[in-house]
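Participant: Dumping the structure here so I can ask a few things about it.
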Amino acid sequence: MDVDTRLLRYFAAVAEEGNLTRAAQRLYVSQPALTKQIKQLERELGVTLFTRSRTGMALTEPGRTLAAQVPALLTAWDRTLRETKGTAARAAKVLRVGFIASAANEATQRIITEFGGRRPGWRVEMRQTSWGRPDAGLSEGDTDVALLRVPFPGQENLRVEVLLTEPRVIVLRSTHPLAHKEEIAFEALLDEPFVAAPPETGPWRDYWLATEFRAGRPPRIGAVTDQPDEWLSAIANGYGVALAPESASRFYARPGIVYRRVTGVTPSQAAVVWSPADDDTPAVQDFVHCCLSERDLT
């Protein structure tokens, strides 16, 4: 019998939390979706894994047996998957660098050039991912290293070195009533609908909605998007406003939208990020050193 590892990850989270709501929040999925996946796993195994009550989810005897084995199984599988993909890339002399939007801004090309000088014959393959994967594929082993905006889900399990800090700005439709202002206080935007990342991105979504600066007022969501082009279109079409790094005004200029300074929120930081398993991987560490050298020059 073959069981999807995703189902095992969901099972492990519910087993550890003992509560569907907390497990769903931890996994950045909806509670109904999580319930469906647990039921699917039980059907595939032909056993009942949990007893459900108002107080939570309690493991059955078969559930306890599975819970004792799953963490080691998933750890071994993750390690095997990362090593297999990484070995294939290194054999081809390719370094896979994940990013979401503008990577390390204008420094990106200088970093790649320096890496090429350190490793002649190697190629840097830039892999852009959607906002639904804010770690740019590091956890799945699809990338070797990443240039990311922090914070993002799961960063506590990775190595993170901040490279640059820049202000956040507000992105508005050019006909928005506030578009004529050069600087806008965030408190003036609290009732505005925002264009947001998917709910499953958790802390990533919260950061770009600036939830910590809303004094407990929930944000209004005008649209949910997963790609920069969709995001820009939603703003231009008047579905909402959005926070962005200041550099977005250079990398994502478009007719129909404007970028304005915003006060009352913290700046954005970009970082180089990699797995602790690659602390001794020469190509990954060469790229990290190139990033840090560029940081130290600025």
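The values are calculated or read from the model by the stated rules, or taken from the named source; none is laboratory data. Computed from a predicted structure; not experimentally measured. FYI the Cβ positions are ideal-geometry reconstructions off the backbone, even for glycines, and counts take in every protein chain you see.
Participant: State whether the residues of the stretch 123-138 include one that is among the β-branched types (V, I, T), part of a strand (DSSP E or B), buried (at least 19 other Cβ atoms within 10 Å of the Cβ) and in the same structural domain as D279 (by TED's automatic domain parsing).
Facilitator: First, the residues of the stretch 123-138 that are among the β-branched types (V, I, T): 124, 129.
With part of a strand (DSSP E or B) added as a condition, the list becomes 124.
Next, only the ones that are buried (at least 19 other Cβ atoms within 10 Å of the Cβ) stay: 124.
Next, only the ones that are in the same structural domain as D279 (by TED's automatic domain parsing) stay: 124.
Within the stretch 123-138, one or more residues are among the β-branched types (V, I, T), part of a strand (DSSP E or B), buried (at least 19 other Cβ atoms within 10 Å of the Cβ) and in the same structural domain as D279 (by TED's automatic domain parsing).
Participant: Can you tell me which of A68, A12, A58 is over 25 Å from F152 (Cα atoms) and touching a residue at least 40 places away in the same chain (Cβ under 8 Å)?
Facilitator: Details: A68 fails: touching a residue at least 40 places away in the same chain (Cβ under 8 Å); A12 fails: over 25 Å from F152 (Cα atoms).
From the options A68, A12, A58, the qualifying one is A58.
Participant: Which of the following residues is part of a helix (DSSP H, G or I) and either hydrophobic (A, V, I, L, M, F, W, C) or outside the structural domain of S139 (by TED's automatic domain parsing) (or both): A67, A58?
Facilitator: Values: A58 fails: part of a helix (DSSP H, G or I).
Answer to the selection: A67.
Participant: So is R118 in contact with an Asp or Glu (Cβ under 9 Å, 6 or more places away or on another chain), without any contact (Cβ under 8 Å) to a residue 60 or more places away in the chain and surrounded by fewer than 23 Cβ atoms within 10 Å (Cβ to Cβ) or not? First the steps, then the outcome.
Facilitator: Numbers: in contact with an Asp or Glu (Cβ under 9 Å, 6 or more places away or on another chain): yes; without any contact (Cβ under 8 Å) to a residue 60 or more places away in the chain: no; surrounded by fewer than 23 Cβ atoms within 10 Å (Cβ to Cβ): yes.
When the stated conditions are applied, R118 does not pass them.
Participant: Would you mind listing the strands (runs of 3 or more DSSP E) fully within the stretch 178-247 where at least 2 residues are more than 15 Å from T266 (Cα to Cα), outside the structural domain of R26 (by TED's automatic domain parsing) and at pLDDT 95 or above? Before the answer, list the steps.
Facilitator: Working: elements: 183-185, 193-196, 220-224, 242-245.
It comes to 193-196, 220-224.
Participant: In this structure, does V284 turn out to be in a strand (DSSP E or B), touching a helix residue (DSSP H, G or I) at 6+ places or on another chain (Cβ under 7 Å), over 28 Å from A24 (Cβ atoms) and touching a residue at least 12 places away in the same chain (Cβ under 8 Å)? Spell out the reasoning first.
Facilitator: Details: in a strand (DSSP E or B): no; touching a helix residue (DSSP H, G or I) at 6+ places or on another chain (Cβ under 7 Å): yes; over 28 Å from A24 (Cβ atoms): yes; touching a residue at least 12 places away in the same chain (Cβ under 8 Å): yes.
In short, no.
Participant: Out of L41, L74, report the one residue that is hydrophobic (A, V, I, L, M, F, W, C), in contact with a Phe, Trp or Tyr (Cβ under 6 Å, 6 or more places away or on another chain), surrounded by 12 or more Cβ atoms within 10 Å (Cβ to Cβ) and outside any loop (DSSP other than H, G, I, E, B). Write out each step before concluding.
Facilitator: Values: L74 fails: in contact with a Phe, Trp or Tyr (Cβ under 6 Å, 6 or more places away or on another chain).
Going through L41, L74 in turn, just one is hydrophobic (A, V, I, L, M, F, W, C), in contact with a Phe, Trp or Tyr (Cβ under 6 Å, 6 or more places away or on another chain), surrounded by 12 or more Cβ atoms within 10 Å (Cβ to Cβ) and outside any loop (DSSP other than H, G, I, E, B): L41.
Participant: Please determine, by comparing only the residues of the stretch 70-88 that are of a type in the set (G, A, S) and not assigned by TED's automatic domain parsing to the domain that holds A23, which one is nearest to G137 (Cα to Cα).
Facilitator: Looking only at the stretch 70-88, we keep the residues that are of a type in the set (G, A, S), and these are 72, 76, 86, 88.
The next check asks that each one be not assigned by TED's automatic domain parsing to the domain that holds A23; those that pass are 86, 88.
Numbers: G86: 12, A88: 16 Å.
Applying the filter and picking the extreme gives G86.
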